[in-house]
Each structure stands twice: as structure tokens, then as C-alpha cells.
1. In the stretch 376-395, is there at least one residue being aliphatic (A, V, I, L, M), in contact (Cβ under 8 Å) with a residue 60 or more places away in the chain and touching a Gly at 6+ places or on another chain (Cβ under 7 Å)?
2. Go through (1) without any contact (Cβ under 8 Å) to a residue 40 or more places away in the chain; (2) under 25 Å from ALA7 (Cβ atoms) one by one and return the number of the condition ALA154 breaks.
3. Identify, please: which residue in the stretch 54-77 is aliphatic (A, V, I, L, M), in contact (Cβ under 8 Å) with a residue 24 or more places away in the chain and not in a loop (DSSP other than H, G, I, E, B) and is, among those, surrounded by the fewest Cβ atoms within 10 Å (Cβ to Cβ)?
4. Do the conditions hold for PRO222, that is, is it in a loop (DSSP other than H, G, I, E, B), at pLDDT below 95 and within 22 Å of GLY42 (Cβ to Cβ)?
5. Filter the stretch 23-50 down to residues that are without any contact (Cβ under 8 Å) to a residue 40 or more places away in the chain and either not β-branched (Val, Ile, Thr) or not in a helix (DSSP H, G or I) (or both) and give me whichever is farthest from VAL310 (Cα to Cα).
6. Being under 24 Å from the mean Cα position of the chain (by Cα) and at pLDDT 95 or above narrows it down to one residue among LEU39, LEU82, LEU62; which is it?
7. When you scan the stretch 283-340, how many residues do you find that are closer than 25 Å to THR228 by Cα and not charged (D, E, K, R)?
8. Name the helices (runs of 4 or more DSSP H) wholly within the stretch 348-431 that hold at least 3 residues that are at pLDDT 70 or above, among the β-branched types (Val, Ile, Thr) and within 26 Å of the chain's Cα centre (by Cα)?
Amino acid sequence: MDLILLAVPFFFVLIAVELIADRVRGQRNFTLADSINSLSTGALSTSTGLLTKGVGLLTYALAWEHLALLRLPANAVWVWLLAFVLYDLCYYWLHRLGHERNILWAAHSVHHQSEEYNLTTALRQTSSGFIFSWIFYLPLALIGVPPVVFITVASLNLLYQFWVHTRHIPKLGWLEWVLITPSNHRVHHAQNPAYLDRNYGGVFIIWDRLFGTFKEEDLAEPVVFGVTTPLASWNPLWANLQFYAQLYSDARRTRSWKDKLRIWFMPTGWRPADVAAAYPQAKQNLAMFRKFEIALGRGWQVYVTAQFAVYIALGSYLMDVAERVPAAALVLGWSLMAFGLFVLGAALENRPWAVRLELARLLTLVPALYLAGTLGLAVVVPVFWLLLGVYLLLSAGGLLVCRRAALGADGAETPAQPEQAAQQQQAAEHP
């Protein structure tokens, strides 16, 4: 039973509840582009996980089979409780080192890039964390925690972390001493120097109190969410590549062969001396902090939201059929997901080539879905092609309306306002 798949509808119900709470309280904790960007990185992470989850599960199963010192019973309650607690301890160290080492931060930084803080932020996950995360859970295999127990407590740990990504729940009294709560997890997502790199636990805050990484939320020090080197993009692919690209660029530029290698494993933010001198990176002045935002017409907003809903459905479908289709079908499904989300990111950034790229996406859907049918990924029946035809016609019509709205009376692009032009220039600095 896939607990995460079962929880997906409840995630969206709770996001809707939080949106209503925003309206009732007169707050603005959501923006369309940020929310879609967070959910897009989550959808991309989930579809990537369908191809890569074997890395962690297989290594764990092999370690449990051949290296376990004990064989703990899977039907004992105390084993489940012990595994739940110890899993969170392993998660604490993975999470902590994910903030303290360059190569691990390159993966984990995706989760922190949002400058908003709401339940969509919880679903903002990395697509490359599988590379190293499995190492941190091997101790559970060595002491004999059965794979079925490990998989279940891992899912429960992840599900718990969803609800703490909100600004609507205040401090919770004595629970602040034991559990990760919305208050102390808000601190974790802060870029304020006073809060930076604190509160790493997934379920329990006791690890942070024990190992000296706890920091209480101070109402006199409002949290500024985000990362100290802003993403400045709504593209989920660039979100996953940004810090890797920065490390690669520094490694390529340095003259020291030693630094070319060790930059990946040094503390987060460390750069070779020659590169730091030649290519300094200024940090944000939080007193002048402004969230990244690009103005987008109402038509584009409606169009992107509708297309994003299609990709949420595709992601849910891929999760449902993942165990029943060949790997080639999942690769194709992932490719459709990645390309589509990339195009939507370009649209949210109001890129001049976004319309042409979206048209290309629509034109490639027919051959791609025909191939999906031959691989068993889609049910290819006449009604399927009828629905696809309706979808393509509606999409093409919506695209045409959006394009016309973006043009001036003389057929030229409507000039951007100064603030929007500056934000577009900031986004254009990224690949």
C-alpha cells in the first residue's frame, strides 16, 4: 500500500483549506507562480522517484539481507516504535549534512528556494536526493529493521512533515519541546542569519536540542523565507540544477586541481580562494528584501493553471500504474512530465519563446501518446483520442487568446512595466 499516493487528495484538500484561511484572515501567503513552482518540483520529484526509488530500496534490502547483525520481528509493536524513532534520528543527520555540505545542499536546496511558506512548500522536493540519501539509513538495516517496516516508517515520517509548513498555526506549548511544529519549522526555512541552519528534525525536535541545533522562533525577528542565493526562476528543472551548476562553474574556473575535487564536499558556501576573489557573490540585504515576482496576464495565469492541473493528473496516473508498466514507459512518462513542467515554468516567467515552446509541446503530444500506448502506459481506445483532440483544440484556442492578449494593437509585444522588466532581466540571467 502506497501511503503517499493515498495521501495526495488530502494534501490538496488541506491546501484549499489553507487558501480559505488566508482569505478569512486577510493574509497573502500564496502566489500563483510560487505555488505552481513548488508543486511542479514536487511532481517532478515524484515522477523521478518512480525511476530511482530502487536505489534506496535495493541497497537497503541488500544490506538487511547480507549485513544485518540481528533479525528484528516485523510483527512486534516495539520494533515499529523503535524504527520510527531511529528513522528520525537518521533523517536528522541526513538533513543536517544536507545543509552543511555543498554536494548535499545542491540536492536539498530545492526545498528551501520558495520565498513563501505554505503547504505547497511541503511538496517542493528534490529530484536528486536519491544519490546519497540511502547511505544515512543503512544503520537501520544493520540492526535488522525489516524492509517493510523501514518503508512504512519512512512514509509516515514524510507525511508528518506536511502539516508543519504553514504560517497559520502558532506555537503549541509543551509540544514545542518534543515535536517538530510549524513554529520551529518556520525557523528552519528562514534565511535570517539568526535562524540559519537550525531545527533539522523530521518529527522530533529533541535531536536538535540534544545536538545543539535548536532555535526558537522569536516574534521580534520575523522570518524571511528563502535561500541566501535566490533561485529567481519559476522553472522546476533549473530549481534542481541551480546549485549543481554553481559548483560546477566554480570547479571549472579554479586553477587548483585539489579545489576542483574538494569543492563538492566542503562546507556549504565554501569556494576556492581564486574563484571567490575573481567572481564574488554578494548576499542579499534582508532589510531591502523583495520577493521574486514577474507580472503575468490573467489569461496566461488561467492557461498555465489549467495545463498544470493536467500534469498533476499525469503524475498521479504514473504513480498508480508504476508497478504495472515497463521501465521504458516510465521513462517516457517522466520525459512528458519534465518537458511539460519546463514549458509551464517558461510561461510563468513570461519568456518571449514560451508560446512557441508550448505549441511544440502540443504538437508532440500525439506521437508521444501513441508511443505511450504501445508501451502500455495509456489505454488507447477511440474515446481516448477523441478526448485528446478536444484537449488539443481547447489548448490551441487558449494559447491563441493568450498570445493576442500579449500583443499590442500593432502586433508587437506589449512593453513591460519597469518593475516587470527588471524581474525578467533577473530571470534571464539564469540558463
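1. Scanning the stretch 376-395 turns up no residue that is aliphatic (A, V, I, L, M), in contact (Cβ under 8 Å) with a residue 60 or more places away in the chain and touching a Gly at 6+ places or on another chain (Cβ under 7 Å).
2. Unmet condition: (1).
3. LEU67
4. Numbers: in a loop (DSSP other than H, G, I, E, B): yes; at pLDDT below 95: yes; within 22 Å of GLY42 (Cβ to Cβ): no.
When the stated conditions are applied, PRO222 does not pass them.
5. So, considering only residues that are without any contact (Cβ under 8 Å) to a residue 40 or more places away in the chain and either not β-branched (Val, Ile, Thr) or not in a helix (DSSP H, G or I) (or both), the one farthest from VAL310 (Cα to Cα) is GLY26.
6. On the way: LEU82 fails: under 24 Å from the mean Cα position of the chain (by Cα); LEU62 fails: under 24 Å from the mean Cα position of the chain (by Cα).
Checking each option against the conditions leaves just LEU39.
7. Counting residues in the stretch 283-340 that are closer than 25 Å to THR228 by Cα and not charged (D, E, K, R) gives 9.
8. none
The values are calculated or read from the model by the stated rules, or taken from the named source; none is laboratory data. These numbers were taken from a predicted model, which means no experiment stands behind them. Please note: Cβ atoms are built from the backbone with ideal geometry, for glycine as well, and neighbour counts cover all protein chains shown.
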